[in-house]
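**Q** Please find one structure pasted underneath; my questions will follow.
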Amino acid sequence: MRAADLAMGDGVFRPHPAARLILPSGEGAALDASFDALPQGDGAGALLAVLGARGRAFRIGGAGALEADAGEFETLTGGSLGQPRRVVRSQASWLASFAVNAGLFGIGPGVRVAVLGSFVHSLALYGALEGICLGAEVHPLSGLRPDRQAQAMAVRGIGVIYATPAQLRAVLAAGVALPLLSHVILGGARVDGALRAALARLAPSARLTVFYGAAETSFITLAGPERAEDSVGQPYPGVRLRIGADGVIWVASPYLFRGYAGADRGGAVWDGEWLSVGEVGRLGPEGLILRGRAGRMVTVADRNVFPEEIEALLEALPGVARAAVLPMEDGARGHVLVAHLQGDAQAGEAILRALRLRLGPMIAPRALIWHEEWPMLASGKTDLAALAERGMGWR
């Protein structure tokens, strides 16, 4: 029987007979135990409790009473626009994509998969559960520093990793060669040219796949190395997309969530079988082009502006490692934009000239604020609220 067939099973997470879990220490952990209590903490012990629950509802992290039913679970959104929300989905909704990824990425018995983040966040939890349900050897490395993660990946011969761009960037900064790495699966943020170049240098055999999605939708699109420059890729297998008259992206697939838990009922909207999380974009032959999230759109001089588009422009300029564009209220224009950057502050004048040339003086950010330390959420996304607080004194 194929690994993908075993992964589907009876619609709940169960370890494949060939699966192995290797702890950060390098020791193996038994996968045949049964647990009655909810997971504690966010490390390998929590993952073992999930696997031992045999279909009972669970959540790793978060607060409040569990609202998932049997055969379901709760996970958390990234929280880049506020506090993380609790998302309820069926275990079968992830199992369906496990079966797809077994073919796309060759995940199965004998393959070594590493996840770099905490199991509180859906990307790391997804990667670990997928590997174990498909029979892979899974290495959760969140308890190690990035340089130790890199060394562990090299010594253990890791073939596949799930990570955010920020996590991968920190690992590659150690300069450790990863010749056996074959697939790198990234989600949660844009991937800049410098990160692609570093990966190609240290892991020349690795194929980079970047996915666009959300905790509520799971996979929406996949973009391989051949993707168009501005595209987030083509629809993931089983996903259908439509663009509304207002540019809002709607998704229909077997991978969608059931709803939110807790007091915050979230921002996703249903229209029959279609779901939107408020992203705006367009579809073309090159795939899906994102403009940004409707919740971040601002009005500048009577024009609707998506900060994400300017962030992408900034991160393609020399001297910029990371960028976030935030609005400030302005009596004359509605808002003005301020760019928060990490990189080479000596390039500031050239960056401002390039922005004014490309965007015009009304839309281009009025100022650049440079940061030595970049605030990150535990999910691996930029902490926009922290940047906004740092920039409150600018005028």
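The values are calculated or read from the model by the stated rules, or taken from the named source; none is laboratory data. Quick caveat: nothing in here was measured; it's all calculated off a predicted structure. Here Cβ is always computed from backbone atoms with ideal geometry, including for glycine, and neighbour counts include all displayed protein chains.
**Q** Restricted to the stretch 55-78, and to residues that are among the aliphatic types (A, V, I, L, M) and under 16 Å from L125 (Cα atoms), which residue is nearest to the chain's Cα centre (by Cα)?
**A** If we take residues in the stretch 55-78 being among the aliphatic types (A, V, I, L, M) and under 16 Å from L125 (Cα atoms), then L76 is nearest to the chain's Cα centre (by Cα).
**Q** Count, please, the residues in the stretch 238-261 that happen to be part of a loop (DSSP other than H, G, I, E, B) and either within 18 Å of the chain's Cα centre (by Cα) or surrounded by 17 or more Cβ atoms within 10 Å (Cβ to Cβ) (or both).
**A** 5
**Q** Which numbered condition in (1) within 26 Å of the chain's Cα centre (by Cα); (2) surrounded by fewer than 18 Cβ atoms within 10 Å (Cβ to Cβ) is the only one that G334 fails?
**A** Here G334 clears every test but (1).
**Q** Still on this structure, please answer the following. Test of understanding: among V138, V171, V155, V184, which residue is assigned by TED's automatic domain parsing to the domain that holds A223, farther than 27 Å from G233 by Cβ and modelled with pLDDT of 95 or more?
**A** V155
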